[in-house]
Each structure stands twice: as structure tokens, then as C-alpha cells.
Amino acid sequence: MAISGVFGWLNIRRIEFSVELPDEIYDGRDTLVTIRLENRKKFIPSFLIRAEFTGVRTGFTMIPRNSVEKAAVSAKIHGRGIKKIGEATIASCFPINFFIRYKKFIITEEYVVFPAPRDCNVPPGLGQKGLLREPFSRVKGSDGDVLKIIDYTGNEPLKLIHWRLSAKHEGFKVKEMASSANEPVILDLECLPGGSLERVVSCGAFLVNRFIRQNRPVGLKSGTVFISPDTSRTHRLKLLTQLAVYGKN
């Protein structure tokens, strides 16, 4: 019994626990996290280690000496905002399934949980409540605002003919339109639909992801905070982080 106790103690000794989290975690959605165990013992491996984090468990049959083993597990993390990993544990019944030994870790590393995106049925066009215009260099198209009136060349669609102006001139006049496909928008959180705070930020997360997938620059306005439109992934994560902490102070 004493020998098994010593081996059990040695088995979990000098095992270090860490977690690798993705940079996109959404409230209540399945997230793939990686549990990482490092055996810092120089001469002996560790066997039958069970690791747990946020209620998710995974097992390691053996961790060789002076090495690292990883396991990817699916976890659901609830509640948006900035969080700490907090408490994690390892346990082992080695060498005999009689005593189970535990080791706890307190991990202070912080991570962000974004609001779960929910379709809020806000159309992509500008001029809607909660969607504000942003001045930019216009691109020609057929579904945006009128840029200017030009002479009809025969190549323009008939629906773009400005009939009232054409009646005052000898030739037809047509409207040259801007493209709205890449027109920047700014989401005003105080005006977005939803009814409740959580629905508003979930709507915001949905729109941020949708617009940037469409390569459409999107910005954010929340109180005194203003973030200019952009389309980069870093910018998208910045917007989602702002939504994650909105109303938490």
C-alpha cells in the first residue's frame, strides 16, 4: 500500500496543465479547446492521467518523460465577456485502481467569450435604424445611391433612365449609381433591434460577421466608443470583443 502510494504521488508530480483556446469563442456554442499536459520529470513517464477544465474531461494513457501531450476536446462556455480560465484539475488512479490522487491548478490567463450571433433580420441596406452611413470613395454599381446624372450611351439599363430630366433635354439622361456591395456601415448599438441587451449584442455579432464575410467594411458605435469601418480579421475580432464587454461595466 505504501509503495503504491509513493508511485501514485510520483505519477502526478511535476505535471503542468495549460489550455490552448481559439481566438473565437461564442457564448454557449461548441468550441474546440486543447488541453496540454507537460511531464517535467526527467526520468519517469506518467500514466492514466485524467484532465478536467470547465466540466470537460479527457484522458491521457501515458505522458513520456520530459515531454508534452495534447488532447482536443469540445467545450461549451457560457456567458459573454472577459473570463479567466480559473480552476483545472488532473487526477490518476495509477498504479492500482484503489486511490485516486488529484492535483489542482489555478490559471489566471484571460480570454474573451463573444455573444452568440443571432439573425436579427436587419436588411443589409443603409438607412435602416441602427445602420449609419460612412463617407467613402464611391464605386460604380447599380444598387446604391445616385452618384451623378450622365448622358445615355445605350449601354445602361433602361431602369436607370431619369425620365423627368430626359423630358427637358434632347437626349436621354441616366443615373450613375454607386455600388452598395462594399459600402461601409456603422452599427449603432443603441439603435439595433432586439429588445434586450443580450439580443442587441447577439444581433451586432451576427451583422459584424455577415458584413465582413461580404467584404463590406463595418464599424461600431456604442456610447462614447467609436470604431471606424474595416474588413480585416483583426478588426472583426476587435468589434466582437467590444460587443462581448458591452454593458458589463
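The values are calculated or read from the model by the stated rules, or taken from the named source; none is laboratory data. Please read all numbers here as calculations on a predicted model, not as lab measurements. Virtual Cβ from ideal backbone geometry, glycine too; neighbours counted across all protein chains shown.
Residues that are in contact (Cβ under 8 Å) with a residue 24 or more places away in the chain, assigned to a strand (DSSP E or B) and closer than 30 Å to residue 209 by Cβ: does region 53-70 have at least one? Scanning region 53-70, I find at least one residue that is in contact (Cβ under 8 Å) with a residue 24 or more places away in the chain, assigned to a strand (DSSP E or B) and closer than 30 Å to residue 209 by Cβ, so the answer is yes. Within the option set 48, 131, being modelled with pLDDT under 95 and at positive phi holds for one residue only, 48. Looking only at region 233-249, how many residues end up being at pLDDT 95 or above and of a type in the set (Gly, Ala, Ser)? Number satisfying all stated conditions: 1. Scanning region 97-118 for residues that are surrounded by 15 or more Cβ atoms within 10 Å (Cβ to Cβ), out of contact with any helix residue (DSSP H, G or I) (no Cβ under 7 Å at 6 or more places or on another chain) and under 20 Å from residue 59 (Cα atoms) turns up just one, 105.
Taken over region 217-231, the criterion of being within 19 Å of residue 206 (Cβ to Cβ) and surrounded by fewer than 19 Cβ atoms within 10 Å (Cβ to Cβ) is satisfied by 221, 227, 230, 231.
Once region 201-221 is narrowed to residues that are polar (S, T, N, Q) and assigned to a helix (DSSP H, G or I), the residue that is nearest to residue 247 (Cα to Cα) is 202. Could you grab me the full set of residues in region 181-200 that are modelled with pLDDT under 80 and not in a loop (DSSP other than H, G, I, E, B)? Across region 181-200, there are no qualifying residues. Residue 82: assigned to a strand (DSSP E or B) and within 22 Å of residue 8 (Cα to Cα), yes or no? Against the criterion (assigned to a strand (DSSP E or B) and within 22 Å of residue 8 (Cα to Cα)), residue 82 does not qualify.
Residue-by-condition table, conditions (1) touching a strand residue (DSSP E or B) at 6+ places or on another chain (Cβ under 9 Å); (2) surrounded by 14 or more Cβ atoms within 10 Å (Cβ to Cβ); (3) outside any loop (DSSP other than H, G, I, E, B); (4) not small (Gly, Ala, Ser):
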residue	(1), (2), (3), (4)
23	yes, no, no, yes
33	yes, yes, yes, yes
37	yes, yes, yes, yes
48	yes, yes, yes, yes
86	yes, no, yes, no
95	yes, yes, no, yes
